[in-house]
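Below: the structure, in structure tokens.
Just so you know, all these numbers are worked out from the coordinates, no wet-lab data involved. This one's a predicted model, so the numbers in the text were calculated from it and none came from an experiment. Counting neighbours? That spans all protein chains shown, and the Cβs are built from the backbone with ideal geometry, glycine included.
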């Protein structure tokens with residue numbers, strides 16, 4: 001009886017420990033993914049803001065120069081047109097990068113969901129294995145007790161002869 005109680009208590013403790021460890025691992029993965037996503041977002045925002053700030057500064061300087069001279073206006077117009085093409089190219093590349101990052105985040109979320117599902121399945125399997133082992137151990141214990149009881153009875157009979 002004590003042994004069964006002890007086994008049940010041990011099983012409970014092991015299950016609780018496994019659950020705590022699983023929950024801790026899940027939290028760590030979620031935190032890491034959230035940190036990565038946040039970092040990527042911040043980097044993209046900072047980079048875009050810096051590019052916009054630099055381009056705005058350049059355009060203001062170029063505008064003042066354009067107002068000073070007609071000749072310089074034609075020259076600067078061509079420079080701005082070339083820069084605009086470059087900026088549009090950068091903008092398109094930035095859009096592609098953002099789409100890739102969004103897809104990566106989505107893929108990571110799907111992977112996390114899959115891993116969580118697999119972890120849950122593994123936990124169920126482990127729980128079932130523990131339950132099976134406990135049943136086997138209980139049956140083995142009953143069998144051994146029965147054998148000991150039979151041995152004692154035989155021994156008593158032999159002593160009485």
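The table below gives the values:
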{"quantity": "Expected-Rg normalisation [2.2 N^0.38 Å, Cα atoms] applied to the stretch 1-81", "calculated": "2.73"}
{"quantity": "FRET efficiency estimate (nearest 0.05) - Cβ-Cβ, residue 26 to residue 83, R0 41 angstrom", "calculated": "0.25"}
{"quantity": "Computed FRET value (nearest 0.05) for residue 8 with residue 152, which takes r as the C-beta separation and R₀ as 22 Å", "calculated": "0.20"}
{"quantity": "Angstrom value of the Kirkwood radius, inverse mean 1/r, which spans all Cα pairs in the stretch 1-47", "calculated": "13.5 Å"}
{"quantity": "Mean residue ellipticity (222 nm) of the chain, computed from DSSP H runs ≥ 4 via -39,500 (n - 2.57), nearest 500", "calculated": "-37500 deg cm²/dmol"}
{"quantity": "Chain lengthening between residue 65 and residue 132 when straightened (0.36 nm per residue, less Cα-Cα)", "calculated": "15.7 nm"}
{"quantity": "Separation between Cα centres of the stretch 3-44 and the stretch 96-161, rounded to whole Å", "calculated": "19 Å"}
{"quantity": "Separation of the residue 55 and residue 40 label points, Cα + 7 Å toward Cβ, nm", "calculated": "2.3 nm"}
{"quantity": "Where labels lie 7 Å past Cα in the beta-carbon direction, separation of residue 92 and residue 112 in nm", "calculated": "3.4 nm"}
